[in-house]
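The values are calculated or read from the model by the stated rules, or taken from the named source; none is laboratory data. Quick caveat, the model's predicted, so the values are computed rather than measured. A quick note on method: Cβ atoms are made from the backbone with ideal geometry, for glycine too, and the neighbour counts reach across all protein chains shown. Areas reflect the complete protein model, heavy atoms only, side chains present, ligands, DNA and RNA absent. Shrake-Rupley method; radii C 1.70, N 1.55, O 1.52, S 1.80 Å.
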Amino acid sequence: MVEDDAWINAERTADALVVAVGGDWRVDAVANLLRAATATWTAEKAGDGVSTAVVRARDISSLDSGGAWLLVHLSRQLEERGFTTRIDGLGDSHRLLLDRVRKSADRIEITEVPPNRNALVSALATVGEAAVNACKRAHELLSFFGLTVILLGRVIVRPWRLELTATLKYIERTGLDALPIVGLLAFLIGVVVAFMGATQLKQFGAEIFTVNLVGVAVLRELGVLITSILIAGRSGSAFTAQIGTMKVNQEVDAMQTIGLDPVEILVLPRIIALMITLPLLTFYANMMGLAGGAFMSVVTLDISLTQFLDQLSGAIDFTTFAIGMVKAPVFAYVIALVGCFEGLKVTGSAESVGQRTTMSVVEGIFLVIVFDSIFAIAFSYLGI
Amino acid sequence: MDPGNVIEVRGLVNQFGTNRIHDGLDLDVHKGEVLGVVGGSGTGKSVLLRTIIGLNRARDGEIMVLGQDSRNLKGREARRLLRRWGVLFQDGALFSSLTVEQNIAVSMREHTRLPGHAINRLARLKIDMVGLPLHACSKYPSELSGGMRKRAGLARALALDPEIVFLDEPTAGLDPIGAADFDILIRDLQRSLGLTVFMVTHDLDSLVAITDRIAVLVDRKIKVGTVDELRMDDHPWIQDYFNGPRGRAAMASHGRD
């Protein structure tokens, strides 16, 4: 274990270069020995009548495969310098190890491992690959969407095929269990919007319009958006992890062998459950957001609750509410679709589950916002 | 501690809840031997292994490994002891985010000051010594077959030339030919590297083929002996195990009937 116990000396005699080695030639000592060896014979070259090198190894007291590799490595270096090299005086068991290691060492030297690509080329290749992969994924996701639509249609025709227990379980997990966090967040968003509106509008003496701001912002956009983003992070990721783990355990393969369709069993209940819960959660979030706004208005703006409600009923109509609500099932479909899709794309290892879960959240949120802007553009064309 | 022993377990007690798994278990592992550990399911073979390597804390008893009590070691001493043994877990337990070569290099980077090219060469050397093709170097564990993962796991266990190697069911899940090859590999490496091997196994063929002694976990204790000694033992489980149809087949195929 003591690193200084191993040594190496080279000495030129009349007819040979004698390299005396000894001590504990173990893997710990290899770093020092390598340095010592290089220092010892950088200047040595075969010639002047000396063409043999003898590695005198009789003082080696212990040898492991690291040390044996070094012996092989050094004798090869000597040979490259033109010496005929032999290793002398090694004990029988050490000789056995040395032969074993030499065999492997020879093999690893002749086997070519492909070299790394040039940095620029590989950077370009990475960009290209990413672009192609993105297109492929979009295509796959679209096919998967088609598949789920067909299966959903089938379930509508034959509703008894739906896994009711599973669906109810997911409704509980994605809906009921999310109530506290969604409610709290929506309430806080209402508070923030009201506060921001109040400070800005006060400058024009138009504090009362804070109510309009809160009403429209929460009902049209923020309620559904906050809920969807939260659910993408909470349930979309859970879908990916659940299905992904089942993929790793080969449960999905097992399903296929007994004639069950994994998409029907795993994906449909999740999509249906989320399409039921997300609108409900959105409604709940809308109410909590308005409550947050009302709370802030009452506390900081000297607007009474009756005044708030009065102003609110003038500011919004059913369309405002409907615009927010109509997006919820669409976002739910997108989130569940992406979550399940990524889950089914998991391959092999536990690491892949982690990667896919991250992807599912990122893609879920990305697509929710993309769809939200599509809705915004569509509504503005429709003039609502 | 007897100088011929690398592991000494005295009065080991392991208990989970009310379930006592080991009760006053004694075991000696001699230097340079291959010890097979067998026992029925739930008799605590893996628990014993985990206790010796310090992954599981015993309720009572004394464990000396290489002359040191691993439980009382701290910091440097503990690290130094750690690198004197290698462990092959059941499915290799390779780090899934690293390539095979990086997996083997991990402990060399952590414990030695070797230059990069030497680590690279030594890692490949180990890969070749366990009989993996060199193109496996740059593969990730998920791209390997079960047998290859085990070999890679063995290469990682051997990375720092340990004195003791712990193997947890090394041949489980391998086909008979692959298992026999793995047995030969273990025996071969054990001889050429002078290892002591502590091997938990169910595989009667490997037991007969490569172990010097066998430790049988029965009645929360351990009985140690050679195959021939144990066959004479009149404990019912040991009788069933060695003289049952599979036991006899294994003996016969190794010419020991």
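Identify all residues within segment B:54-74 that are surrounded by fewer than 12 Cβ atoms within 10 Å (Cβ to Cβ) and touching a helix residue (DSSP H, G or I) at 6+ places or on another chain (Cβ under 8 Å); write none if there are none. Result: B:R57, single match. Answer yes or no: is there a residue in segment A:94-103 that is away from chain B (no Cβ under 14 Å), open to solvent by 60 Å² or more (accessible area, probe 1.4 Å) and in contact with a helix residue (DSSP H, G or I) (Cβ under 9 Å, 6 or more places away or on another chain). No - not one qualifying residue is present in segment A:94-103. The residues of segment A:274-287 that are of a type in the set (A, V, I, L, M, F, W, C) and buried (at least 24 other Cβ atoms within 10 Å of the Cβ), listed by number, are A:L274, A:L278, A:L281, A:A285.
Residues are listed down the side, and each one gets a yes or a no for (1) of a type in the set (D, E); (2) open to solvent by 60 Å² or more (accessible area, probe 1.4 Å); (3) outside any helix (DSSP H, G or I):
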position	(1), (2), (3)
B:I214	no, no, yes
B:D228	yes, yes, no
B:R231	no, no, no
B:D234	yes, yes, yes
B:W237	no, yes, no
B:F242	no, no, no
B:R246	no, yes, no
B:A250	no, no, no
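Total residues in segment B:75-112 satisfying the condition of being open to solvent by 70 Å² or more (accessible area, probe 1.4 Å), over 23 Å from B:L174 (Cβ atoms) and within 11 Å of another protein chain (Cβ to nearest Cβ): the figure is 1.
Taking segment A:312-352 as the range and being hydroxyl-bearing (S, T, Y), more than 14 Å from chain B (Cβ to nearest Cβ) and surrounded by fewer than 20 Cβ atoms within 10 Å (Cβ to Cβ) as the test, the residues that pass are A:S313, A:T319, A:T320. Among the residues making up segment B:113-143, those that are within 7 Å of chain A (Cβ to nearest Cβ), charged (D, E, K, R) and within 14 Å of A:K103 (Cα to Cα) are B:R121, B:R124, B:D128. With respect to (1) at pLDDT below 85; (2) away from chain B (no Cβ under 11 Å); (3) open to solvent by less than 20 Å² (accessible area, probe 1.4 Å), the lone exception for A:E44 is condition (3). Residues to consider are A:V338, A:V370; find the one that is assigned by TED's automatic domain parsing to the domain that holds A:I272, out of contact with any Leu (no Cβ under 7 Å at 6 or more places or on another chain), modelled with pLDDT of 95 or more and part of a helix (DSSP H, G or I). Only one candidate passes the filter, namely A:V370. Which of (1) more than 23 Å from B:D183 (Cβ to Cβ); (2) open to solvent by less than 50 Å² (accessible area, probe 1.4 Å) is the odd one out, the single condition B:H135 does not satisfy? Going through the list (1) more than 23 Å from B:D183 (Cβ to Cβ); (2) open to solvent by less than 50 Å² (accessible area, probe 1.4 Å), B:H135 breaks only (2).
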